[in-house]
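Novice: My questions will all concern the structure given below.
The values are calculated or read from the model by the stated rules, or taken from the named source; none is laboratory data. Computed from a predicted structure; not experimentally measured. Here Cβ is always computed from backbone atoms with ideal geometry, including for glycine, and neighbour counts include all displayed protein chains.
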Amino acid sequence: MTQQGSGLAAKLAAGQPTEVARPRRVEFVSVVLPCLNEEAAVAETVAEAWRGLAVAGVPGEVIVVDNGSTDRSAERAEAAGARVVPEPTPGYGAAHLAGLRAARGNVVVMADADQTYDLEGLVHLLRPLADGADLVVGSRLQGTIGRGAMPRLHQYVGTPVLTRALRVLTGTRLSDSQSGYRAFW
């Protein structure tokens, strides 16, 4: 007969909950949008974020992290009501870190500045957080994917395969592990 331990590893192995999710209050949301040469889309993306905050009924801010744009992205973002944070270190990760440092909210929503994600629906990311989740990841694979929004190889092979592997390894109910649309405390 095998005896199971009573620690965290044993609970995880047995599929038991490790803690009770406690509701929390979403007080102020920082929407962080890394941006590199998104002049054509950034103003509408910022406007969508503001509308999403209004629909969710929460105060917040929209931060566009300009990662070295050579077009008018920064001025268009600012004109749309975003706080623009310059980040001279190239790369998506550097832009995200700059946005996180600048964020004032107790909740951060990450997305892209190119209208990839439905920011008007950010209430759907915030609701599970308020119910006790630590992290919520949006999905591009549930619903309709706009033409050209995601390469077919990623849509039908790469993302689904990686997501399934993560689901098997971690036991999560994730449907799009590569989504850049996330909300967390």
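Novice: Does Gly105 satisfy being modelled with pLDDT of 95 or more and on the phi > 0 side of the Ramachandran plot?
Specialist: Details: modelled with pLDDT of 95 or more: yes; on the phi > 0 side of the Ramachandran plot: no.
Spelling it out, it is not the case that Gly105 is modelled with pLDDT of 95 or more and on the phi > 0 side of the Ramachandran plot.
Novice: May I ask you to list the residues in the stretch 55-70 that are over 19 Å from the mean Cα position of the chain (by Cα) and either under 16 Å from Leu33 (Cα atoms) or assigned to a strand (DSSP E or B) (or both)? Before the answer, list the steps.
Specialist: As a first pass, look at the stretch 55-70 and keep what is over 19 Å from the mean Cα position of the chain (by Cα): 68-70.
The answer is Gly68, Ser69.
One line per residue, one yes/no per condition, for (1) surrounded by 15 or more Cβ atoms within 10 Å (Cβ to Cβ); (2) over 12 Å from the mean Cα position of the chain (by Cα); (3) not charged (D, E, K, R):
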| position | (1), (2), (3) |
| --- | --- |
| Pro90 | no, yes, yes |
| Ala94 | yes, yes, yes |
| Leu97 | yes, yes, yes |
| Arg104 | no, yes, no |
| Val108 | yes, no, yes |
| Asp114 | yes, yes, no |
| Leu122 | yes, no, yes |
| Leu125 | yes, no, yes |
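Novice: Does Arg167 qualify as being surrounded by 13 or more Cβ atoms within 10 Å (Cβ to Cβ) and either at pLDDT 60 or above or not in a loop (DSSP other than H, G, I, E, B) (or both)?
Specialist: On the way: surrounded by 13 or more Cβ atoms within 10 Å (Cβ to Cβ): yes; either at pLDDT 60 or above or not in a loop (DSSP other than H, G, I, E, B) (or both): yes.
So Arg167 passes the test.
Novice: Could we say that Ala77 is surrounded by fewer than 22 Cβ atoms within 10 Å (Cβ to Cβ), part of a helix (DSSP H, G or I) and either at pLDDT 95 or above or not β-branched (Val, Ile, Thr) (or both) here?
Specialist: Numbers: surrounded by fewer than 22 Cβ atoms within 10 Å (Cβ to Cβ): no; part of a helix (DSSP H, G or I): yes; either at pLDDT 95 or above or not β-branched (Val, Ile, Thr) (or both): yes.
Answer is no for this residue.
Novice: I've got another one for you. So, in the stretch 42-67, of the ones that are out of contact with any strand residue (DSSP E or B) (no Cβ under 8 Å at 6 or more places or on another chain) and among the small types (Gly, Ala, Ser), which residue ends up surrounded by the most Cβ atoms within 10 Å (Cβ to Cβ)? So that I can check it myself, show each step before the final result.
Specialist: Step one: filter the stretch 42-67 for residues out of contact with any strand residue (DSSP E or B) (no Cβ under 8 Å at 6 or more places or on another chain), giving 43-44, 47-48, 51, 54-55, 57.
The next check asks that each one be among the small types (Gly, Ala, Ser); those that pass are 43, 47, 54, 57.
Numbers: Ala43: 22, Ala47: 16, Ala54: 13, Gly57: 9.
Of everything passing the filter in the stretch 42-67, Ala43 is surrounded by the most Cβ atoms within 10 Å (Cβ to Cβ).
Novice: Which residues, counting only those in the stretch 7-54, are within 19 Å of Val136 (Cα to Cα), in a loop (DSSP other than H, G, I, E, B) and at pLDDT 95 or above?
Specialist: Correct list: Val26, Glu27, Phe28.
Novice: Please give the number of the condition Ser177 fails out of (1) surrounded by 15 or more Cβ atoms within 10 Å (Cβ to Cβ); (2) at pLDDT 95 or above; (3) more than 16 Å from Glu38 (Cβ to Cβ).
Specialist: Result: Ser177 fails condition (2) only.
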